[in-house]
Amino acid sequence: DGLGDFGDESSRGSDDGEDTSFGQLVITSDKKQIKLWSRDSGASFANIEPKADVNDVLVHSSSDGLLLAGCEQPRLQVYFLPSLGAAPKWCSFLDNLTDEMEEKRFDEEAGGAAGAASAATAAAA
């Protein structure tokens, strides 16, 4: 089956699944989902559930975070996972987008912490 030693029967997909290695991760898929697992611990890294049935999964390159899924629809589904690697040169705008999203998240977290500290200070006074 697609998941090998990772997980018990209840966590497995169908028996006609596929699996692929990607560095320290194993990528498994069945018709309904794509899972990325830690090769060492078996811990789940990511879970992708496309809207259409999955036929095949391809890692673009071992040095970038692009994952392609052939599904039961006219176009390939493309997923970018920045924690797997940088975007390929031909779509480097993805790196810029993820940098902007990370900055926005950092700013929101910093603003939220500052707001909570101000509220605590005001409440104590």
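Please verify whether Ser83 is hydroxyl-bearing (Ser, Thr, Tyr) and free of Cβ contacts under 8 Å to residues at least 12 places away in the same chain, treating the condition exactly as stated.
No; evaluated as a whole, the condition is false for this residue.
In segment 99-117, is there at least one residue being open to solvent by less than 40 Å² (accessible area, probe 1.4 Å) and modelled with pLDDT of 80 or more?
no
Name the single residue, out of those in segment 50-77 being farther than 16 Å from Thr28 by Cα and of a type in the set (A, V, I, L, M), that is surrounded by the fewest Cβ atoms within 10 Å (Cβ to Cβ).
Leu76
The values are calculated or read from the model by the stated rules, or taken from the named source; none is laboratory data. All of these numbers come straight from a predicted model, not from anything done at the bench. Positions of Cβ are backbone-derived with ideal geometry, glycine not excepted, and every protein chain shown enters the neighbour counts. The area values use the complete protein model at the heavy-atom level, side chains included, leaving out ligands, DNA and RNA. Shrake-Rupley method; radii C 1.70, N 1.55, O 1.52, S 1.80 Å.
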